[in-house]
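What follows draws every value from the coordinates through simple rules; no lab data is involved. Bear in mind that the values here come from a model prediction, so they are computed numbers and not experimental data. Because the Cβ atoms are built from the backbone with ideal geometry, glycine has one as well, and the counts that use them run over all protein chains shown.
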């Protein structure tokens, strides 16, 4: 029917940046929940991406993540963000146990010339949904985190980006000899996000 | 994981083998007949190239193939990193090194914005852990204040005791008889009735016992001499059983392992004697570069620690002694290693003490050959004894420029904090020895006294500990050297 012409989903740079930073916010919450960094009771369910997503209710973590995603959005609009890494470390030894790596490829044309692209919203949502599902199922193969953990978020940006007030320069916090699992990626036609999780070898597995 | 292509379709690719089942992300169809050799019907070959890697198909986009190729094939020699390149070049280098795999330079920032919640995790399992930790700490604090005796229980006069760091002239057998060499004479002192009995006297004036050790069942006493003689005595009948040959220098250290008597000498060799055989020489090891002054077999009898005057400590496996192949060669000490003691409650943990220039007690994991702890006592260490009743180690000291001179120091294990010190010796301590019940320690000093200290008691509450160890002693089967 004529009225049901598929509305051409126009994606602007700003829109794409918003999608990606929102995705990161939800992904971070999901990782914190699934890996048990914060107690399960502190999360509440919301509906997003067609899935029940869990968001932390802890004020501190909430504001942390929202400040973070605001800055990421800004960088994404400028096309300066290369990747975002969420690092999970043991509280006691400050040893890096897991690294959730989200690499971002930006279409430089869009940044420079300000054009927009087309992609159906549903399609993007489906792709994000697949990644969220994979994050949730990752607990089946990731080694147990028995000890209290803390997390950090690293951003890899272009060298000409000034370091904002709430960020400091850091080392990459790599894991030696990690196991790596590549998850699905999603693409807004302006930003392409690849997901990879690398984790420290669980001693039990080494035979 | 069986190497079937088909399997990989249903899994998120991992680079490790695991048998956990993963909820299938049903994105791809499982084509079971792909790997079967019998083609039932023509199947359109589903050449599925997984976008995830499995063990056999690595994920190409995770690999940096150019770099790998260079590393594998390049023949350029490694040059040392102390280069003379100037600052500008270095800066350029640093900039270039921080390029990611796509060749884009990047910088990394970590978000330190609003503080994350510092509220403690309320996971039940963490709560439990905290409770357990608190109880443990309380326990530790309650174990009081170890009472260390201020004075010695007994002092025995030891005239003509030779002031020689390298000799080991004292041994307390499980028959409760202490054998001690005073000058050219060897005396036996019975700790039950304090009876003294002279076992032997060496005539001539240029020979004397330099090493005295009871066998494990205290049936035989091994005496090593200055002139390189090694004798076995039966104490019941006060008779010389055997004389063993083999060394060409004084025998400063001896150690028993079942029927094997190991002796270390100034001729730098270690000889294993089988005292049952007519030709007693089982093996001779020439590894040390100087006098072998410390020898101790581990409690299970599988490892031998030997310390030399060249500051080296060797660990030997009982089964490999004949080939002269050592298990570990530890060169951390800066002075002669005379004091050696194996930990009674942790297998393969050895404590070694260094001489005057070293003064360190080092705790070793002899399985891996690494030093797990080190304390600087700043004094010559002549003896080490582990406390079987509490987790402690006692060190006996001789000369020192600073502290701990002529003292006995008690250290808690494994924290290695000093619990206390004892010492009334007027001059340096030469030897340390422990009673069979593990309560008393004797120190032989150059001031010609033997002092008895009840420092290791009392046995821990419930006496369960010492009972268990006795039982273990009865039931344990010592591994003997197989020929």
For this session: Within a 10 angstrom radius of each residue's Cβ in B:307-314, how many Cβ atoms of other chains show up on average? Whole number is fine.
Result: 0
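Shape of region B:243-323 from its Cα gyration tensor (a ≥ b ≥ c, root eigenvalues): rounded if a/c is under 1.5, otherwise prolate when a/b > b/c, or oblate?
oblate
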For this session: Using Cα centres only, tell me the gap between region A:156-195 and region A:36-114 in whole Å.
Result: 10 Å
Exercise. With axes computed from alpha carbons, what is the tilt in degrees of helix A:59-78 against the longest principal axis of chain A, rounded to the nearest 10 within 0 to 90?
Worked result: 50 degrees
Exercise. With axes computed from alpha carbons, what is the tilt in degrees of helix A:13-34 against the longest principal axis of chain A, rounded to the nearest 10 within 0 to 90?
Worked result: 30 degrees
Exercise. Is there a simple number for the mean count of other chain Cβ atoms within 10 Å of the Cβ of residues in A:34-47, and what is it?
Worked result: 2
Exercise. Simple spin-label model, 7 Å along Cα-to-Cβ: residue B:89 to residue B:65 in nm?
Worked result: 3.4 nm
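Take each of the peptides B:271-277, A:114-120, average the number of other beta-carbon atoms within 10 Å over its residues, and list them starting from the highest. Intermediate values should be presented prior to the final figure.
Details: B:271-277: 18.4, A:114-120: 13.1.
For the peptides B:271-277, A:114-120, the packing ranking is B:271-277, A:114-120.
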Exercise. So what's the gap between the Cα centers of region B:255-269 and region B:304-379, to the nearest angstrom?
Worked result: 16 Å
For this session: Can you grab the distance from the C-alpha centre of region B:147-218 to the C-alpha centre of region B:439-457, Å, no decimals?
Result: 12 Å
Problem set entry | Mean Cα-pair separation over length for chain A, i.e. relative contact order, pairs under 8 Å, 6 or more apart, % | 28 percent
Seminar exercise, completed: Residue-normalised 222 nm signal for chain A, counting each DSSP H run of n ≥ 4 as -39,500 (n - 2.57), nearest 500 deg cm²/dmol, is -10500 deg cm²/dmol
Seminar exercise, completed: Exposure-ranked with fewest Cβ neighbours within 10 Å first, A:20, B:212, A:87 stand as A:87, B:212, A:20
Exercise. Looking only at A:140, A:195, A:56, which one moves most when chain A is put into a Gaussian network model with springs between Cα atoms under 10 Å?
Worked result: A:140
Problem set entry | Relative exposure of B:409, B:371, B:360, judged by other C-beta atoms within 10 Å (fewest first) | B:371, B:360, B:409
Exercise. So, in nm, how far is label residue A:166 from label residue A:22 when the simple model puts each one 7 Å beyond its Cα toward the Cβ?
Worked result: 2.0 nm
Problem set entry | Stretchable slack from residue A:174 to residue A:10, in nm (0.36 nm times residue separation minus alpha-carbon distance) | 55.2 nm
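Counting partner chain Cβ atoms within 10 Å of every residue's Cβ in A:61-72, what's the average?
3
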Seminar exercise, completed: With a ≥ b ≥ c from the Cα gyration tensor eigenvalues, square-rooted, and the rule rounded for a/c under 1.5, otherwise prolate when a/b > b/c and oblate otherwise, region B:154-481 is rounded
Seminar exercise, completed: Among beta bridges assigned by DSSP with both residues in chain A, the antiparallel ones amount in percent, to the nearest 5, to 100 percent
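Using Cβ contacts closer than 10 Å as the measure, can you line up A:48, B:92 from fewest to most?
Starting with the residue having the fewest Cβ neighbours, the order is B:92, A:48.
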